[in-house]
Amino acid sequence: MGCVLGALGCCCGSAACSLCCACCPSTRNSIATRLAYGILLLISMIISWIFLIPGLANTLAKIPALCKGSTVGGVEIFQGQISCEKVVGYLSVYRIQFSLACFFFVMMILMLCVKRSKDPRSGIQNGFWLFKILIIIGICIGAFFIPNQGFAPTLMVIGSICGFIFILVQLILLIDFAHSWNESWVAKGEEGSKKHYCGLIFFTTAFYILSIAAIILLYIYFASKPSCSLNIFFVTINFILCIIVSIVSVLPVVQNYHSTSGLLQSSFVTLYVIFLTWSAITSEKPDPICNPSWYGIIKNDNSTIVEATGNGSVGVSSIIAMIIFFGLIIYSAMTSSTKSSGGKLLGISGNEETGTSIPKSEGGKSYDDEEESVAYNYSLFHFMFFLASFYVMMTLTNWLKPTNDFYSFRQSDSAVWVKIASSWTCLVLYCWSVIAPCVFRNREFS
């Protein structure tokens, strides 16, 4: 990560770039660039989270002439420019991530049909980081002056659609990661590495134990009463489906055509599906019986109900979702296989995988691996980050729906069904990735 941040400093000049990269290993431009964009998205996430910190409005109010007018001898000299209560909270997250989405959308249009690094637009993709940061800041400042009337509800609809599409992309990346992980460790185990075989057994067992424990807790705290029939249905159906896909993954006919299919992937997917189930249930309207607060669970106080507001903090499920999200962003940036689902999804070309036409370079410097053709589809990459910006927006705001006053938010049933539909989609995609080699026996899936 230090090397990527150093790469951002390359906008200051070649000398600075050489100094920053001197301690870093040789890196392909294509990978360094994708990591840099990932860092930009991470920074926007952190800034958005800061705007959700309770009491931030009071801190901003201490800045002279920002929220309150400055006075001298009781006479107002400067009029307060903004209402600090209105620039923090969930609406600020909407505006910040909207700015990122606008930036990535413009980049997507600019990078259409770029085929090689000699295209002048390739320089925009891989450089000018200072100007890009300034452009994002400018868009963000402008976004805070957009009237609230119609802005939040419209963006919530767009964010829900784009966020759901990105969830589908994330599911493909997650399944691809699980398969790649298993294939890598199985291959090393077959080469004689006992620690990788032990690692497979350990993680498979750990994932299943965590999944079973999570299911038990869901039944205890969220599906213990007949009145929680919807929660009982969600937990039970997903539990049954996870058992089914786990069995399917080790069937003899599947093993004949997909020898690397195994319980590691199934356990990994099972744990993620259970997480999505929990996240969906906690997106329901607060209820002391069927959706108790964390305080109510820890203190065993079912009388406590926590209502969501526009100045609320990030939920626990959202924090976990953000960790998973950024991990997959890093994985997608490092993916270099054209055969993997993630590689095909990101439009990765063959020269990055095979290493053809990649010049030699001195240690500690990035080098151009896109002279003959780009290593990945620039426009598709920015489209993914365009969707990712809205996903971050919806996740940090807990998928809540803005109310009529535009400053407070409440639970939305759409968030529940988006997450449950995502869990079912994840199981379908994983099951298909397992049985596809059996169905299309003449096609290459490795």
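The values are calculated or read from the model by the stated rules, or taken from the named source; none is laboratory data. Only a predicted model underlies this, so the values are computations on that prediction, with no experimental measurement involved. Here the Cβ positions follow ideal geometry from the backbone for every residue, glycine too, while neighbour counts run over all protein chains shown. Note: areas computed on protein heavy atoms with side chains; ligands, DNA, RNA excluded. Shrake-Rupley method; radii C 1.70, N 1.55, O 1.52, S 1.80 Å.
Assorted remarks:
- Portion, in percent, of the accessible area of region 125-255 that falls on carbon or sulfur, probe 1.4 Å: 80
- Annotation for Tyr331 and Ile244: the two label points, set 7 Å from Cα along the Cα-Cβ direction, are 2.4 nm apart.
- Linear extension gain, Val253 paired with Ile43, 0.36 nm per residue minus alpha-carbon span: 70.9 nm
- Pairwise FRET efficiency - Lys118 versus Leu210, Cβ, R0 = 45 Å, nearest 0.05: 0.35
- With all protein chains in place and ligands, DNA and RNA left out, the 1.4 Å accessible area ranks Ser373, Ser318 as Ser373, Ser318, largest first.
- The largest accessible area among Lys132, Lys118 belongs to the first residue in Lys118, Lys132, and the rest follow in falling order (1.4 Å probe, all chains).
- Rounded, prolate or oblate (a/c below 1.5 giving rounded, otherwise prolate when a/b exceeds b/c) for region 84-220 by Cα gyration tensor: oblate
- Cα pair count fraction exceeding 24 Å, expressed as % - region 177-302: 40
- Area of Asp287 that stays accessible when all protein chains are in place (1.4 Å probe, Å², to 10): 50
- Accessible-area rank, largest first, for Phe207, Phe104: Phe207, Phe104, with all protein chains present and a 1.4 angstrom probe.
- Across the alpha-carbon atoms of region 95-156, the computed radius of gyration and Dmax are 14.4, 45 angstrom.
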